[in-house]
1. Could you derive backbone 3J(HN,Hα) for segment B:13-29 from the dihedral phi with the Karplus parameters 6.51, -1.76 and 1.60 (θ = phi - 60°), listing whole Hz in sequence and x where the residue is Gly or Pro?
2. Give me the base-10 log of I(q)/I(0) for segment A:159-312 at each q in 0.08, 0.14 Å⁻¹, Debye formula, one uniform scatterer per Cα, rounded to two decimals.
3. Any idea how far apart residue A:10 and residue A:196 come out in nm if each label point goes 7 Å out from Cα toward Cβ?
4. With each label point set 7 Å from Cα along the Cα-Cβ vector, what nm distance links residue B:274 and residue B:1?
5. Give me the extension gain from residue B:259 to residue B:59: residue separation times 0.36 nm, minus the current Cα-Cα distance, reported in nm with one decimal.
6. So which of A:164/B:224; A:23/B:111; A:170/B:164; A:191/B:266; A:23/A:205; A:170/B:75 end up more than 29 Å apart, counting from Cα to Cα?
7. Take every residue in peptide A:307-319, count the Cβ atoms of other chains within 10 Å of its Cβ, and give the average of those counts.
8. Could you list which residues have their amide H under 5 Å from that of residue B:268, counting only those 5 or more apart in sequence or on another chain, with H placed in the peptide plane?
2 protein chains.
Amino acid sequence: MRIIIFGCGIVGRSLLELLKVRKKELNISYGLAPKILGVVDSKGFAINTEGLNIDEILRIKDLGRSVGEMENYGKKGAFELEILENIEFDLLIDMTPTNIVNGEPALSLIKRAFSLKLNVITTNKGPLALAMPLLLELAKHNNVSFRFSGTVGGGTPLLDFAKKCLMGDKILAIRGILNGTTNYILTEMEKGKEFSEALREAQVKGFAEADPSLDIDGIDSASKLVILANWILGKKITLKDVKVQGIRDIRVKDLEDAKKKGKTIKLIASVNGEAKVEAETIPKDSNLAVSGSLNAVSFISQYAGEETIIGRGAGGKETASSVIRDMIEIRGLMG
Amino acid sequence: MRIIIFGCGIVGRSLLELLKVRKKELNISYGLAPKILGVVDSKGFAINTEGLNIDEILRIKDLGRSVGEMENYGKKGAFELEILENIEFDLLIDMTPTNIVNGEPALSLIKRAFSLKLNVITTNKGPLALAMPLLLELAKHNNVSFRFSGTVGGGTPLLDFAKKCLMGDKILAIRGILNGTTNYILTEMEKGKEFSEALREAQVKGFAEADPSLDIDGIDSASKLVILANWILGKKITLKDVKVQGIRDIRVKDLEDAKKKGKTIKLIASVNGEAKVEAETIPKDSNLAVSGSLNAVSFISQYAGEETIIGRGAGGKETASSVIRDMIEIRGLMG
């Protein structure tokens, strides 16, 4: 399986680490023999149609430098999409940062890959939040595989659970906590900390971004909800179809009042007809009342009842493990 | 798909109901066109190689009578396994009651089916708890499919989650609440009810059997643990390899003491090297601290972290829905 990787941040490097450490096992157990023909980061790229050496990629990234500086195969500067047309490969893995305004550069990259009949895995919510119905159609039209397990739930297989394990059932509604940062903040506020203090803590612990507005204004949750709704419920929606509210207005007093009634406040993303993200007051013993940076999602199905999955929603290694699951699946479909 | 059904209790009848109501949809969506050639209950059987009428089966069962009394095709008395040899069919579905002493009559039935190269679905924990390593080998040896999703978690796809959604990962340990009756009792005792009162309530609500010892002595949990350990962790164990403790010794005072420390007591089945079932004191905000008759299982995986699934662990319709998922999967494997 010949691969070009876009984005070499925490997830990208975790993926390369896993592919290195698990090389033998992935080959023996799943017939997965990935060859990395190219790596693209924000400052350059490296290409070798015979396959790049993973150790060398990791070494240069560990030095804080661009793969464009790699010996023999590196080139500094922007990667032009036309280059893709001159390399024969099977799979493009997009792990570039999320851009929720226009999805770029990932959106154009994925579209171009489809037009070149390439399979695509992405961990980037931006293109899906903004154009998932179109991207699913394009993948189908071009008869290629498109997987994005890492976009929702990190390593927790939320998308697969509904598709693979509830096959034969019908999922009627979905509701859950899809953002670990806001859940961490609300959990700390419940203990009496002010919003700003809890947020600062989340930033120190690495949960929240320097600019945490995507998290606390509910946009990240809404993006993931769009992906769940399209993939599992067959909706054709994008971010603009979700009614979004964040947690900026929640006060410690609100959480105290809720606690007195055996309840708590959580930022819940739900789709049941309407798609929305809003702070809801729910019972303390609800399955969704998980604490810390956990995610939790309930699937309400017609026959099997309600099922809830709880897991970490982020993490480099965890998200990279979901990319490997997607690779195994695409490998199976390639025959 | 030509089917013979053994056992026509709540699960069996729920399955027939679902196959009737969902007939068109199952055919269109999954190519599933089941034909019921035979039904066997405790007092007789009915066979028609052209296919029995589901409405007629349900009608006679609703009258509290045996299928052996059905017009034209019914026959009262014991079903002799030799009869199977004279009927051409594809799938045997065993929904007979659990016998944890020797697994019979289901154990002999399943073995015979394998020797006749028949695919088998069972919702009966007995044969698996007592002889799962052997049964898996026999199915493999005879090149037939053997599925048992309904034995653990009712409609909640616990077995599939680990196998299908965490493919490519490695599950290191499993721990969870696998019995809804004991969890209901412990939840009520936490509210101050005595064991005997809580048990009586569970019986009235239909959670517990008239003889609830399999539940409260931990045998039911241990049986399900055997199935999880064999299927997901590749262990070769049976019920005798599980260290089992029940909840008879738990007092309201124990739960009160735990509560004061922000904890609660749950009957936890776990396998991590050793397989055991025992009452454990766990934090109130643990993902496994679910209340009422719910089940909850955590899978600790090497790469994706820890994931917990919560759902109803029983119910006729729910368990029947898991049989349908197994049927769809076997249909796919039959090509």
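Every number here is computed from the coordinates shown, using simple stated rules; none is lab data. Computed from a prediction, not measured in an experiment: that's the story for all the values here. Reconstructed Cβ throughout: ideal geometry from the backbone, glycine too, with neighbour counts over all protein chains shown.
1. 5, 4, 4, 4, 4, 5, 5, 6, 5, 9, 3, 4, 4, 5, 6, 5, 7
2. -0.22, -0.66
3. Inter-label distance under the simple model: 2.5 nm.
4. The modelled label-to-label distance comes out at 4.2 nm.
5. 67.0 nm
6. Correct reply: A:23/B:111; A:23/A:205; A:170/B:75.
7. Across the residues of A:307-319, the mean count of other-chain Cβ atoms within 10 Å is 5.
8. Answer set, sorted by chain and number: B:278, B:279, B:280.
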